[in-house]
1. If a residue counts only when it is in contact with a Leu (Cβ under 7 Å, 6 or more places away or on another chain), surrounded by 13 or more Cβ atoms within 10 Å (Cβ to Cβ) and among the charged types (D, E, K, R), which strands (runs of 3 or more DSSP E) contained entirely in region 12-110 have at least 1 such residues?
2. Would you confirm, using the coordinates I've provided, whether G121 is assigned to a loop (DSSP other than H, G, I, E, B) and either of a type outside the set (F, W, Y) or on the phi < 0 side of the Ramachandran plot (or both)?
3. Only residues that are surrounded by 14 or more Cβ atoms within 10 Å (Cβ to Cβ), part of a helix (DSSP H, G or I) and of a type in the set (A, V, I, L, M): list them for region 128-160, please.
4. For region 143-170, name all the residues that are in contact with a helix residue (DSSP H, G or I) (Cβ under 7 Å, 6 or more places away or on another chain) and touching a residue at least 40 places away in the same chain (Cβ under 8 Å).
5. Within region 86-107, can you find the residues that are farther than 20 Å from T158 by Cα and acidic (D, E)?
6. Answer yes or no as to whether G133 is outside the structural domain of S73 (by TED's automatic domain parsing) and at positive phi.
Amino acid sequence: MLELEMVTPSVRLIAVDIDGTLLNSKFHIAEADLQALRRAHASGVEVIVVTGRRHMFAMPIVEQLGFDLWVISSNGALTRSIKGETFHRDLLPAQTCRELCRVMIEFRGNTVLTFDKETKGAVVLERMDALNGSIQRWLEKNLQYIDFIIPIENSLITDPIQAMFCGPILRMQRALDHIAASEVSDKITVLRTEYPERDLSIVDILNQRCSKGHAL
């Protein structure tokens, strides 16, 4: 008589997001989750953090895990280890970003560009007044990295990681409509995150086909 034995596939990799996943409602990593990831790493399971945050903005959280690992940041645009070794970059071409800035001129006050550097100029704006009410806490935490350049296209001497538009939900819906109707829409990936309780929408613009899943 043939006997069947059920075999449970072993876990080889764990990919975990930060906000709303690794962090609890108090914006901390629960001790039980922290220990579970450490046990998984110790047993040979690859642990990868996958986040929409900038790499350095993710580091204070990732470093709490206590071991070296790969971090996929900026929604898949950059894959780098805690030690600083870069494995993969999927940057937004500067020319594509220039075209985007041109068609989105109405939304200059809502525009943020980010670059792969950890000095002043990693985050570029034209001004802060339209962003203060929407992402003020994020701006304050990134203040040392922010540079103001007018017009913002002058910052595009190298490919940015991504562009971002932030503001009230209705205004960002108009921004999305502008993007969809433009000739640049087929050259980019558009991601939208909404926080209705804060009347905040964040529209991330990445290179074509760039995503967390693709990077993973």
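The values are calculated or read from the model by the stated rules, or taken from the named source; none is laboratory data. Model, not experiment: these values are computed from the prediction. Note that each Cβ is placed from the backbone with ideal geometry, even for glycine, and that neighbours are counted across all protein chains shown.
1. Per the criteria, 46-50, 86-89.
2. yes
3. Result: I135, L139, I152.
4. The answer is I152, E153, L156, T158, D159, P160, I161, Q162, A163, F165, C166, G167.
5. E106
6. Spelling it out, it is not the case that G133 is outside the structural domain of S73 (by TED's automatic domain parsing) and at positive phi.
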